[in-house]
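Notes to accompany the following structure.
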Amino acid sequence: MTPRAPTPPDRPCPPSAPSSAVPPGPAPEPGTAAPGPGPGTGPDSAAGSASGSGPVSGPGSASGTGRHGIRAAWIMLASGWSGNQFSALLGAYRTESGLSESTVTGLFALYVVGLAPGLLLGGPLADRTGRRPVALLALALNLLSTCMLMVGAAHPAWLLAGRFVTGVSAGALLAAGSAWIKELSAGAAEHTAARRAGLFVSGGFATGGLVAALIAQWAPHPMVTAYLPHLALTLAAGVAALPAPETLPGRATGRTPGHAPGHAPGCAPGRPPEPPHPDGPGPAAPAPRQHAVPTGPTGPRPHERPRHSFARSVLPLAPWVFAAPTIGFATLPGLVDGGLDGWRTVYAGLATAVVPGSGLLAQPPGRRLAARHPLAPALAALVTIALGLVLAVLATLAAAAHGPALALLAAAVLGAGYGLALSYGLTRVAALAPPDRLARLTAHFWTLAYTGMFAPYVVTLLSGPFDPPVLLGAGAVLALLTGVLLAVLHRTPAPRRPDAGGAP
C-alpha cells in the first residue's frame, strides 16, 4: 500500500457542527480570487479583503468593515499632513532661522531618506505581525517626530532628527496602513478600497501645507505653532483607528491562518473536502497551493509572476508620482517669488494645497480612463506631467508680475498628473499583490514613488551648471520618454512561468 502524504496546514476542513459551519460559496472563476464568507456568519467570521483574502474581525458585515476602513483612513491623513507641513515652511526657515537654500532643500530630502527604511521594514513587518500594531506604532512615532520639529525652532539640530523620524513613521504608515485600510474596506468597490489610502494621503498633503503656512504667516512663534494642528490631528486619528480590527489572516483572532471556528486547526474553511486517497480512507495529497491572482486588464498576464508585472507596469511610472508634485510646491515657489515680498510663506502654502487638491480632482477622470484601457491613466499622467513642466518653464521665464500666477497653474497641472499616477499605481499594485504580500508590494511602490521627492534637490544641485528652465524642460522630455517605455513594455510578450504548463 502506498503511504499517504501528510495533510498540509491548509487542508480542507472536515465536516463540522451546523451551528458553526460556514457553507462554501460558489467556486470562483479561473484566475480570480476566491470570495470571502458572506455577512452574518457570527462574530468570529472573516470577511475577505478586496483581493479575496484576509479576514477582518468584526460584525461580519460589509458595512461594518467599510466603516472601520474610513475610521482607520484618518491615520493616512495624518501621515500626509506630517510630510507637507514642513514643505510650506521652507521659505520661513530661510528667512526666520537663517538656513541656507541647500540646507533647507537637504532637510526636505532627508524625509525621503527616512521613508526608505520605514517602507521597506514596515511592509514585511506588517505581513508577519499584523497591519494594526505596525500602523498604530508608526502613528505614535509620527507624533513624536512633530515634537522634534517643534524643538528644532530653538535647536536646529533637532530638525535633522525630526525630518528623518517623520520619514520613517510616514513610510511605515504608508506600507502597513494602506494594506490595513484596503482590507478593512472589503465591503466597498475594489477600486474604492484600493485608492482610499491614497485619497486620504492626498487630503493630508493638501491641508497640512496650507494650514501650516497660514499659521506661520500670522501667528506668533511660527516655527512652533505651525505644528500644533498636526499634534491634534494625530491624536484624533489614533482614537478613531483604535477600534478597527486586525485584518492579517491568523492574526485577527489569534488562531493559525485559515483556522475558523468549528473546524480543525490548520484547515482552510470554505473549501470542499478533498477526494479520498486511492489506497485508503482520508484525503489525497493536495495539489501545490497557488495564490489566486486576477488576470486580464487589471491583473498580471497569464503565466506572469506579480513581480514581473510590477516591473513592467508600475516601476517606470512610480518615481513620477512625487517628482511632479514636489517640483510644483517645493521648487517653483522659490523660482518665482521675486515679487512676493511679505507673502512668500502664504504663496508656498497655497502651492502645497493646489498640487494635491488638483490631484484629488483628477482621480475620477482617471477611473473613466481605466475603464477604456488599463494603461490609459498612466500614459495620461505622464503627458500631463510633461505639460506641467512646460508651463513651469514658461513661469520661470516670465516677468515677475506673471511668474507666480503661471507657476500656480503649472503646479495645478503637475498635481493632476500626480493624482492620475497615484491612482493608477495603487490600483495596479492591489490587483497584482497576493494577499500575503500586499503590504510588501505596496511598500515597494511607495518607496519607488518617494524617490521622486529628490527631484527638488537634484534641481538645486544642477542649477549651477544649468539654468532651471533647461532642467525643467529636460524633465518634460523625460516624462514623455517614460510614457513611450511603458507602452513598449505593455506590448512586449510576457515571460512564461516555468510551472505554468508550458515550456520553461
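The values are calculated or read from the model by the stated rules, or taken from the named source; none is laboratory data. On a predicted model such as this, the values are computed, not experimentally measured, just so you know. Don't worry about glycine lacking a Cβ; one is built from the backbone with ideal geometry, like all the others, and counts go over all protein chains shown.
Search the stretch 352-377 for residues that are under 28 Å from Ala88 (Cα atoms) and pair each with any residue that is among the basic types (Lys, Arg) when their beta-carbon atoms are under 8 Å apart and the residues are at least 6 apart or on different chains.
Gln363/Arg195
Which condition number does Leu141 fail, the rest of (1) crowded, with 19+ Cβ neighbours inside 10 Å; (2) under 23 Å from Ala244 (Cα atoms) being met?
For Leu141, the exception is condition (1).
For the stretch 203-215, check the following and say yes or no: at least one residue is touching a helix residue (DSSP H, G or I) at 6+ places or on another chain (Cβ under 7 Å), small (Gly, Ala, Ser) and at pLDDT below 85.
yes
I'd like the residue in the stretch 364-380 that is crowded, with 21+ Cβ neighbours inside 10 Å and at pLDDT below 90 and, out of all such residues, is farthest from the chain's Cα centre (by Cα).
Only one residue fits best here, namely Ala370.
Let me spell it out: the conditions are (1) at pLDDT below 50; (2) surrounded by 20 or more Cβ atoms within 10 Å (Cβ to Cβ); (3) touching a Leu at 6+ places or on another chain (Cβ under 9 Å), and Pro257 meets all of them except one. Which number is the exception?
(2)
Determine, yes or no, whether Gly250 is more than 25 Å from Met150 (Cβ to Cβ), touching a Ser or Thr at 6+ places or on another chain (Cβ under 6 Å) and at pLDDT below 90.
Yes: the conditions hold for Gly250.
Of the residues that sit in the stretch 111-138 and are farther than 20 Å from Met453 by Cα and aliphatic (A, V, I, L, M), which one is surrounded by the fewest Cβ atoms within 10 Å (Cβ to Cβ)?
Top of the filtered list is Leu137.
Mind listing just one residue for me: the one in the stretch 449-504 that is closer than 27 Å to Pro377 by Cβ and of a type in the set (Ser, Thr, Tyr) and, of those, modelled with the lowest pLDDT?
Of everything passing the filter in the stretch 449-504, Thr492 is modelled with the lowest pLDDT.
Residue under question is Gly177, and the condition is that it be modelled with pLDDT of 85 or more and outside any loop (DSSP other than H, G, I, E, B); does it hold?
yes
What are the residues in the stretch 89-102 that are crowded, with 16+ Cβ neighbours inside 10 Å and not in a loop (DSSP other than H, G, I, E, B), if any?
Within the stretch 89-102, Leu89, Leu90, Gly91, Ala92, Tyr93, Arg94 qualify.
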